[in-house]
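Report on the structure given below.
Values quoted throughout were computed directly from the atomic coordinates according to the rules given, and no laboratory measurement underlies them. All values reported here derive from a predicted model rather than from experimental measurement. Cβ sites come from the backbone with ideal geometry, for glycine too, and all protein chains shown count toward neighbours.
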Amino acid sequence: MFVLDREILRIVYDCMLSGVTRQQIAVHLEISRDSVDKLRSDIKAQIGTNTTFSKVLHGEKVAV
C-alpha cells in the first residue's frame, strides 16, 4: 500500500481514478490547471518511488 503525503494529493488522485479531467479538478479545488499538472506530477513521482505499488502496477508478485 502506498501513501500520498498530502491531502490534496489524495483528492487529485481520487479524481484521476474516477476519470475527472484536469479542468474539472482545477474548478473543484479552485486552483489553476498548471497547479493540477504539478500535483499530478507529484503523485506520479510518489507512486514511482513506492516499490510495492510499482510492483503491483507492473504485474509483479508482492509478498503480503
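Annotations for the structure displayed:
- Taking label points 7 Å from Cα along the Cα-to-Cβ direction, L17 and K44 give a separation of 1.9 nm.
- Stretched out straight at 0.36 nm per residue, the stretch from R33 to I8 would grow longer than its current Cα-Cα span by 7.6 nm.
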